[in-house]
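The structure appears below as structure tokens.
Coordinate-derived values only; no laboratory data. These figures come from a predicted structure and were not determined experimentally. Using ideal geometry, Cβ is built from the backbone for each residue, glycine included, and neighbour counts are taken over all protein chains shown.
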Amino acid sequence: MESIQESILVLTHVEAGGTDSLAKPSLAKSSLEAVTAGVSLAARLDVPLSIGVIGRDAIAAARTLAQTGARLLAVSGEDFAQARYSSDAAACEALCRASQPSIVIAPDGMRFARVAAGVAFRLGGVIDTHITAIDGNEGIEASRWFYRQRLEAVISRDARPWFLLIDPGTHLAYDCTPGEAASAEVAQIAVELPRQRTTVTGVRSPALSGETIRPDAKLLFVAGAGWTKKQPDGQVHTSDAAPLILNFLKASGASLGSSKSLVDQTGDNQQVLPFLTHMNQIGQTGATPRHRKGLSTCCYGEEPHVVGWRFISERRAISLDPNCGWARGKADVVYVADAFQVMAELNKLLN
Ligand SMILES: Cc1cc2nc3c(=O)[nH]c(=O)nc-3n(C[C@H](O)[C@H](O)[C@H](O)COP(=O)(O)OP(=O)(O)OC[C@H]3O[C@@H](n4cnc5c(N)ncnc54)[C@H](O)[C@@H]3O)c2cc1C
């Protein structure tokens, strides 16, 4: 088999809203993680690296990446300020045609996830998504997880260009030059846009539960069904649970997860915590978020729930039950205590 002469292009975009009159243009965090992946792959293989930036003020944002030593390219202008399939796909295609890469690395975020497969098709390439690592002894091997993070696949391909979409949270964000390196050379790439049928008038995101799910938080706070169960005094205290949890989230900036039993109660006509939806559910049939620390409260810690904690490094739990699942080796620390009391005390300290 002929060896492939690799060259790498990292596709990035400016953070939405990062270029208004006051704010400096900045790259989205997921884009900076893709830059880290590209820089380290290019260094390991000793091959050329280009970085393409898309956004209203993409040239200034590209200059913040001067220290990568990469060839910098930009698709800049008002047409590229907002995510839109037709303009984003055209911009990514133009950047690829300008740099002719064999490997294209991009963040698997909302903006590029929907255009990357189309762009790969236009270039006659192939794509793999949800990549968590790019390694390999000599060649390139990309890893991703399947079946709710139970199986890890390591993929290698001969087909080029090969697009790799990097899952956010799997790499450190590249530490850019503070401000822009004014002397850095940035090639501005012209894009011939197709007729635009879509005008972006704004962004509407789900209320409440959306605001409690914070993928970038250091801490995951999980609420279990115990918060709505009868307590040692024989009464249910759901109305006390809500402010305790919300105050803690506000003071700590934690992301809110839930057990399945708790979110399922919404459909059972039971007293519920109104800010929880199935979007918050962690576990086998829920999400597998990535946070450095996790605190579980009023949750038993059964395997179908704990499997969703796969990427949480430091785990603590507060449970009344000394024999709960957490106490059987699934948490680093278990506080056998009443979570109502512990959280009230914790909120007092935080406030
Ligand atoms: C196929 C399948 C898939 C599943 N997928 C998921 C999934 O994705 N996610 C998931 O979460 N579950 C999942 N489950 C369900 C899972 O097995 C458990 O039933 C569920 O996680 C239990 O939720 P819980 O621990 O909140 O509730 P419970 O089991 O009712 O536990 C409540 C806990 O709260 C404690 N408690 C009560 N009051 C207090 C207090 N004041 N202070 C401290 N502790 C207190 C109790 O001691 C108890 O341990 C799945 C099950 C199956 C069969």
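Report, to the nearest 10°, how far helix 29-45 tilts away from the longest principal axis of the Cα atoms in the chain, using its own Cα long axis and a range of 0 to 90°.
Helix 29-45 sits roughly 60 degrees off the main axis of the chain.
Output needed for the stretch 8-188: three equivalent-ellipsoid semi-axes, defined as square roots of 5 times the C-alpha gyration tensor eigenvalues, in descending order, whole Å.
Its equivalent ellipsoid spans semi-axes of 25, 17, 16 Å.
What's the angle, to the nearest 10 degrees (0 to 90), between helix 85-99's Cα axis and the longest principal axis of the chain?
50
Between the stretch 142-192 and the stretch 273-351, what is the separation of their alpha carbon centroids in Å?
Centre-to-centre distance over Cα atoms comes out at 32 Å.
Based on alpha-carbon positions alone, could you give the equivalent ellipsoid semi-axes of the chain from the gyration tensor, as √(5λ), descending, whole Å? Before the final figure, lay out each step's value.
Details: eigenvalues 369, 103, 65 Å².
Whole-Å semi-axes of the equivalent ellipsoid: 43, 23, 18.
Over the Cα atoms, compute the radius of gyration (one decimal) and Dmax (the largest Cα-Cα distance, rounded to a whole number) for the stretch 209-350, in Å.
13.6, 38
Over 5 Å intervals from 0, what percent of Cα-Cα pairs in the stretch 97-226 sits in each interval?
Pair shares across the bins are 2, 7, 12, 15, 18, 16, 14, 10, 5, 2, 1, 0.
Give the angle, between 0 and 90 degrees and rounded to the nearest 10, that separates the Cα long axis of helix 339-350 from the longest principal axis of the Cα atoms of the chain.
60
Over the stretch 42-190, what is the mean sequence separation of C-alpha contacts under 8 Å (at least six apart), divided by residue count, expressed as relative contact order in percent?
28
Based on DSSP H runs of at least 4 residues, each adding -39500 (n - 2.57), what is the mean residue ellipticity at 222 nm of the chain after dividing by all its residues, to the nearest 500 deg cm²/dmol?
Values: 9 runs with 91 residues, N = 351.
Taken over the chain, the calculation gives -7500 deg cm²/dmol.
Would you mind getting me the FRET efficiency between Lys293 and Gln67? Use the beta-carbon distance for r and R0 = 35 Å, nearest 0.05.
With a Förster radius of 35 Å, E is 0.65.
Given the chain, what percent of its DSSP beta bridges are antiparallel, to the nearest 5?
Restricted to the chain, the bridges split so that about 20 percent are antiparallel.
How do Val119, Val203 rank when sorted from fewest to most other Cβ atoms within 10 Å of their own Cβ?
Values: Val119 25, Val203 10.
Ordered from fewest to most neighbouring Cβ atoms within 10 Å, Val119, Val203 come out as Val203, Val119.
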